[in-house]
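The values are calculated or read from the model by the stated rules, or taken from the named source; none is laboratory data. Treat the numbers as computed from the prediction; the structure is a model and nothing was measured. Note: ideal-geometry Cβ built from the backbone for every residue, glycine included; neighbour counts use all protein chains shown.
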């Protein structure tokens, strides 16, 4: 009799254990019953690093989904201890909180690597706050990605965009206190960065730099963003970038620094910084036009070591200096046309060892010189002449022109 009771008890225990296992499996998979004709929906209900209902388990489930998959996050906070699996579903994955709130992902315990490794196309992330990651918040190495109404704070790089990414939309996000907010390895066709807020990033808000000139025709559109208190707001080097209608304020080094080929800087508002507004350094064929710059300690626009760069219809006021042209290529001179400089604290236009074309520019109420021209002596003693071509400019009076070189070569 005792033996029979023991057998019954053992059988009951086995059945109960099986029910627990099945219940856990159903808890992880229950939202698969929410499948529609074109998507699989998985819920995240556990804010831990691993186990049933976690983001990690959801990513494993959607990796093999036969259709597009949605991950709904139903917990307000997620703590990560180890790297998440890559997002690889070729049909696409969307990750978003349930409802209108924001979900925080704390990644401070990660040793390295990105929080999200987006390796599959058609991925979208909405409404997440990624914080304190030692690497990238998002590593993007696939096409057709969207990041909207999210934030990346206190990470090395907010979004790191690899060379093969294209058709990327980064919209209405916040990038704050990272080393770099967004970093591009190359031009990216069909890519737009718009309506974002970049604040207090240690190296740059947006960084798009490659060693060799980008020979493609595609460009990154950076428009209608807010930049404030970054070291440098935008750095663009040998990457095709259209920078337009942004508001940039309080940069510590420069608001926009362009190097090499491929940059158009148009219609931006640059205000109040301890250094430069826009720097074109060793630039080739850059266009800087219709920008308003004010309250800068140094130059509104500086063109240095550059060729065939157009500075047109910019407005510089209440800054240390207006424009500067330094050591450009005489065979392919840069041009400043139709710019207006009002009340610089020092000189309106400086030309040092360069031969730019200055046409129809106005310098009004300079505190020092409207135009200052001087030669540059290289370390080997070679003299590089400052000799701009002047055509139809409006300066306060002849007494406001530097007499060091003016009158001998400019015309």
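Looking only at segment 264-281, residues that are at pLDDT 95 or above and surrounded by 24 or more Cβ atoms within 10 Å (Cβ to Cβ) come to 7 in all. For segment 151-162, taking the residues that are without any contact (Cβ under 8 Å) to a residue 40 or more places away in the chain and part of a loop (DSSP other than H, G, I, E, B), the one that is farthest from residue 88 (Cα to Cα) is identified as 154. Among the residues of segment 126-142, those identified as surrounded by fewer than 24 Cβ atoms within 10 Å (Cβ to Cβ) and assigned to a strand (DSSP E or B) are 126, 129, 131, 139.
I'd like to know if segment 222-233 contains one or more residues that are farther than 23 Å from residue 275 by Cβ and buried (at least 23 other Cβ atoms within 10 Å of the Cβ). Looking for residues that are farther than 23 Å from residue 275 by Cβ and buried (at least 23 other Cβ atoms within 10 Å of the Cβ), one finds none in segment 222-233, hence no.
Results for (1) modelled with pLDDT of 50 or more; (2) within 17 Å of residue 98 (Cα to Cα); (3) in a helix (DSSP H, G or I), shown as yes or no for each residue.
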| site | (1), (2), (3) |
| --- | --- |
| 8 | no, no, yes |
| 11 | no, no, yes |
| 16 | no, no, yes |
| 19 | no, no, yes |
| 46 | yes, yes, no |
| 53 | yes, yes, no |
| 65 | yes, no, no |
| 71 | yes, yes, no |
| 75 | yes, yes, no |
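Pairing residues of segment 78-102 that are on the phi > 0 side of the Ramachandran plot and modelled with pLDDT of 95 or more with residues that are surrounded by 14 or more Cβ atoms within 10 Å (Cβ to Cβ) and in a loop (DSSP other than H, G, I, E, B), at Cβ distances under 7 Å and at least 6 apart in sequence or on separate chains, gives 92/121; 92/122. In the set 242, 293, only one residue is at pLDDT 95 or above and buried (at least 24 other Cβ atoms within 10 Å of the Cβ); that residue is 293.
Output the residues belonging to segment 75-99 that are closer than 16 Å to residue 129 by Cα and surrounded by fewer than 17 Cβ atoms within 10 Å (Cβ to Cβ). Scanning segment 75-99 gives 76, 77, 79, 98, 99.
Keeping to segment 285-326, report how many residues are outside any loop (DSSP other than H, G, I, E, B), on the phi < 0 side of the Ramachandran plot and free of Cβ contacts under 8 Å to residues at least 60 places away in the same chain.
Taking segment 285-326 first, the residues outside any loop (DSSP other than H, G, I, E, B) are 287-289, 292-296, 299-304, 307, 310-312, 315-317, 321-326.
With the extra rule that they be on the phi < 0 side of the Ramachandran plot, the set shrinks to 287-289, 292-294, 296, 299-304, 307, 310-312, 315-317, 321-326.
The next check asks that each one be free of Cβ contacts under 8 Å to residues at least 60 places away in the same chain; those that pass are 287-289, 292-294, 296, 299-304, 307, 310-312, 315-317, 321-324, 326.
Counting residues in segment 285-326 that are outside any loop (DSSP other than H, G, I, E, B), on the phi < 0 side of the Ramachandran plot and free of Cβ contacts under 8 Å to residues at least 60 places away in the same chain gives 25.
Residues to consider are 109, 65; find the one that is farther than 25 Å from residue 171 by Cα, buried (at least 19 other Cβ atoms within 10 Å of the Cβ) and touching a residue at least 24 places away in the same chain (Cβ under 8 Å).
Values: 109 fails: buried (at least 19 other Cβ atoms within 10 Å of the Cβ).
Just a single option satisfies the conditions, and that option is 65.
Among the residues making up segment 368-411, those that are assigned to a strand (DSSP E or B), closer than 18 Å to residue 326 by Cα and modelled with pLDDT of 90 or more are 371, 372, 373, 374, 376, 377, 383, 384, 389, 390. For segment 357-367, name all the residues that are modelled with pLDDT of 95 or more and surrounded by fewer than 23 Cβ atoms within 10 Å (Cβ to Cβ). 357, 359, 360, 362, 364 - these are the residues of segment 357-367 that are modelled with pLDDT of 95 or more and surrounded by fewer than 23 Cβ atoms within 10 Å (Cβ to Cβ).
Within segment 219-253, being closer than 17 Å to residue 194 by Cα and part of a loop (DSSP other than H, G, I, E, B) holds for 219, 224, 225, 240, 245, 246.
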